[in-house]
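First the structure, in the form of structure tokens, and then the observations on it.
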């Protein structure tokens with residue numbers, strides 16, 4: 001992205017491929033490129049890409065005036081690797097929406113995409129017409145495809161759109177005086193709190209599974225109601241990991257929620273081996289056992305375990321293919337990576353049609369509201385790190401509710417309901 005896009009500019013008349021062509025159909029890029037291959041050497045068909053028109057604002061419009069952006073990280077290696085992007089939406093009527101997302105990767109162009117692409121398109125739009133804002137923002141990606149950069153910018157775009165969409169929903173909630181989860185369905189305001197086992201690196205030759213099991217039991221004392229375990233880390237075999245999970249189950253008891261996340265590290269045979277060994281341990285789900293959808297479908301069929309995936313998908317189409325290929329029982333689409341709460345709720349509607357349950361990959365600051373609006377929330381809960389692994393969630397939010405008795409209770413203020421500590425912004429904020 002090297003220049004700002006005029007709000008209603010027409011793309012280069014020689015543009016031949018747009019975003020919807022590239023994301024549609026099972027052939028993807030190949031299918032979209034077929035007309036070009038067929039007519040190689042001939043002139044290109046003209047398919048101008050035009051920004052959608054700005055809808056007429058409603059009588060109670062909140063006109064978007066400007067967008068403020070800044071990064072948050074604590075200066076540590078982990079903090080710099082997983083920065084939080086804080087977004088504020090200012091409206092002419094004085095309502096200010098604010099929210100943050102965090103990214104594991106592909107955030108290098110996010111500011112540029114928002115500043116040069118999304119923000120110019122949304123200035124003057126009615127924030128209450130959030131679907132229109134979401135659809136209009138896609139014009140940025142249409143232009144990127146049209147300019148020949150292809151899907152190389154897709155991960156950054158979906159994160160940029162997610163960050164803006166996230167803050168827009170807070171704006172809408174504040175305008176109506178309602179928490180986001182109540183606008184989205186209001187099934188509950190109390191969710192199981194699921195932590196992580198911290199086993200992200202090789203634990204070393206002196207690793208002791210029993211000691212680790214005792215450490216997991218400490219999560220109960222900390223107020224958590226479940227844990228996501230991380231098998232499939234070398235040098236451990238599926239059999240050794242299955243025994244490790246069994247030890248954890250014995251340590252935490254039958255009512256503690258256990259999830260196993262292989263992060264796509266196993267082949268089909270390894271995943272099936274592990275899955276059959278833990279069939280009696282009442283896993284809530286087996287997450288991303290393999291990389292390919294059809295491989296996950298084989299693991300699902302062979303083990304009978306609920307399979308969870310979706311966090312690696314960037315588009316609604318990607319989540320749909322997981323369902324149509326019978327690869328999953330639970331879709332943990334990430335609204336921080338993939339186009340925001342608006343997209344997550346579209347996937348939720350899709351999941352209901354396919355009999356698939358929903359969860360959210362991390363992002364507890366918005367995941368809590370999304371899950372609280374669904375019946376799946378009371379079953380799968382919300383994923384949160386322990387305080388020293390996600391200090392911003394626990395320290396930056398002044399009215400934060402602590403996990404207690406296995407659950408997390410949502411705040412009741414409008415929008416996301418969070419009151420942020422400005423001192424944290426001053427200390428750890430990096431203006432964009």
Subset of the stretch 311-349 (residues that are crowded, with 23+ Cβ neighbours inside 10 Å, part of a loop (DSSP other than H, G, I, E, B) and in contact with a strand residue (DSSP E or B) (Cβ under 6 Å, 6 or more places away or on another chain)): 328, 332, 336
Filter result (crowded, with 20+ Cβ neighbours inside 10 Å and either at pLDDT 95 or above or under 26 Å from residue 331 (Cα atoms) (or both)) within the stretch 394-405: 403
Residue in the stretch 221-238 that is in a helix (DSSP H, G or I) and within 29 Å of residue 322 (Cβ to Cβ) present: yes
Selection within the stretch 180-192 - surrounded by fewer than 24 Cβ atoms within 10 Å (Cβ to Cβ) and on the phi < 0 side of the Ramachandran plot: 182, 183, 184, 187, 188, 189, 190, 192
Test: residue in the stretch 281-300 that is modelled with pLDDT under 95, assigned to a loop (DSSP other than H, G, I, E, B) and in contact with a helix residue (DSSP H, G or I) (Cβ under 7 Å, 6 or more places away or on another chain): no
All positions within the stretch 406-419 that are crowded, with 18+ Cβ neighbours inside 10 Å and under 22 Å from residue 175 (Cβ atoms): 410, 411, 414, 415, 416, 417, 418
Failed criterion for residue 370 (all others in (1) in a helix (DSSP H, G or I); (2) under 25 Å from residue 99 (Cα atoms); (3) at pLDDT below 95 hold): (3)
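The values are calculated or read from the model by the stated rules, or taken from the named source; none is laboratory data. Not measured: the values here are computed from a predicted model. Cβ coordinates were reconstructed from backbone atoms using ideal geometry, including for glycine residues, and neighbour counts include every protein chain displayed.
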